Amino acid sequence: MSVPADTSLHGLWSKRTAFMFAAVGSAVGLGNIWKFPYMTGESGGGAFVLIYLLCVIFIGLPVMMAEITLGQRGRHSPVQTMRRLATEDGNSQGWQIIGWMGMLAGVMILSFYVVIAGWTVAYLIDSVRGVFDGFDAAAASAHWEALVGSPQRLILWHTVMTVLTAWVIMRGVNRGIEHATTILMPSLFALLLLLVGYAALYGEFLQGLRYLFVFDFSQINPDVTLKAMGQAFFSLSVGMGAIMVYGAYLPRKFSIPEAATVVVSADMMVALLMGVALFPIVFASGFEPSADPGLIFQALVLAFDQMPGGWLIGTLFFALTMIAAWTSAISLLEPIVSWMVDSRNMRRCSATALCAAIVWVAGLGTVFSFNIASGPEWQLYGKNFFHWMDYLASNIMLPVGGILISLYAGWMVRREVMQAQINIDHTTVFYGWLWLIRVVVPLSIFLVLLRGLGIL
Ligand code: TRP
């Protein structure tokens, strides 16, 4: 199906802020609130944070600009966008691999994303009911173990999240996604500041800051570097076409660099604020920062119980986290749904239902990773289903997607075409970006991948 060059089959954002909110909504999610702290814990703190920040700025930001630009030019789902651009630019149709791999990565990420998002719903409801009253550290851990130990409860909540995600996607881009994100972001920000305030007053604030920001070089190794880069891709939602699809709905004349910078800064701020709020609380409550995916749930419940007004703050926190996860899940599903609509001629409703069913089934893998299939006999090289999905998608597929996107944008499109589309006023800035995207980005991703995988 073809549409005139400057619109999209699925509609356009009604205004600039709608794109910003949707892109920030995609970027800010469990990656910042749940994954960043526990990955930091797993990798031992400062060094991980430093490499993560470097990757966000020097890899994530330029790739995001490239991804939005390609999407805006192609105006379709990632697969169709790449097909169109490859045809127009006279390149091989093989570049569609960006879209195909992206859809696969999206489903793989969703297979755990909806389950973890389900935890936030469970915690939200328990918080409303006052279940956490009078909790100590042992009770907080026991509560988490009880939740993840029960396949039934996990399935219930992951079903709820899958349905909620599908529901917004069915309503379509403008009505669904725009509305969901416009109120959330400012509230989340305000709440995080409140949490940071609490951590400063009552937590081990300096110890927390030191853990996050002081590093010694000996902590840096190829594995930590690979994980930090994967975290940067994951957190920014780049490398799989999610941002490309949102770019496809972006009207011309907006400054793409400006948009990307706002999205990246907001994302980075939320992750850092979360870290700054959480680690002082973790240290004060006697937990260890660790590789435990339940870290934030256990530590925060305790903190909420002890702080004045904690019931309300806790409830709001879980509600906002749930919504943040929701707006991200939407962007993970949109590339594949829009592909089915674009090229299979499916109705948006049926496409969404089909994708939701696939995601739901895949989600069972993660559900069981925490209970019946958590034992060593279910692991392959020490990783269970959940760990494998996360590792393959975040640490390998997203970076490979990033290499391909940057190579395409940097080398395969005529420079003038790219320059006109990306809308950078200053020539020097454009050449700076071009240099990053042509050489620095693909080369550094490549090296980090090879070293991290032990090939080099
Ligand atoms: N960035 C989101 C988060 O931090 C997750 C996410 C949404 C994502 N869309 C994506 C990750 C696309 C990778 C690719 O929670």
Specify which of the listed residues (Ala66, Ala18) is within 16 Å of the ligand (Cβ to nearest atom) and either of a type in the set (A, V, I, L, M, F, W, C) or free of Cβ contacts under 8 Å to residues at least 40 places away in the same chain (or both). Ala66
Quick check on my filter: what residues within the range 1-48 are β-branched (Val, Ile, Thr), out of contact with any Gly (no Cβ under 7 Å at 6 or more places or on another chain), modelled with pLDDT of 85 or more and assigned to a helix (DSSP H, G or I)? Val24, Ile33
Which ones in the range 113-136 are in a helix (DSSP H, G or I) and away from the ligand (no atom under 16 Å from the Cβ)? Ala122, Tyr123, Leu124, Ile125, Asp126, Ser127, Val128
If you check Ile358, Ile372, which single one turns out to be surrounded by fewer than 22 Cβ atoms within 10 Å (Cβ to Cβ) and at pLDDT below 90? Ile372
Options Leu110, Leu54, Leu61; residue that is more than 15 Å from the ligand (Cβ to nearest atom), at pLDDT 95 or above and either in a helix (DSSP H, G or I) or buried (at least 23 other Cβ atoms within 10 Å of the Cβ) (or both): Leu54
Are any residues in the range 118-132 in contact (Cβ under 8 Å) with a residue 24 or more places away in the chain and either surrounded by 13 or more Cβ atoms within 10 Å (Cβ to Cβ) or touching an Asp or Glu at 6+ places or on another chain (Cβ under 6 Å) (or both), and if so, which ones? Gly118, Trp119, Thr120, Val121, Ala122, Tyr123, Leu124, Ser127, Val128, Phe132
In the range 210-253, what count of residues is obtained for those that are within 16 Å of the ligand (Cβ to nearest atom), part of a helix (DSSP H, G or I) and not hydrophobic (A, V, I, L, M, F, W, C)? 6
Can Thr261 be described as within 16 Å of the ligand (Cβ to nearest atom), part of a helix (DSSP H, G or I) and over 29 Å from Leu450 (Cβ atoms)? no
Tally of residues being among the hydrophobic types (A, V, I, L, M, F, W, C), under 15 Å from Met108 (Cα atoms) and either within 11 Å of the ligand (Cβ to nearest atom) or part of a loop (DSSP other than H, G, I, E, B) (or both) across the range 321-368: 4
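The values are calculated or read from the model by the stated rules, or taken from the named source; none is laboratory data. None of these values were measured; they are calculated from a predicted model. Note: ideal-geometry Cβ built from the backbone for every residue, glycine included; neighbour counts use all protein chains shown.
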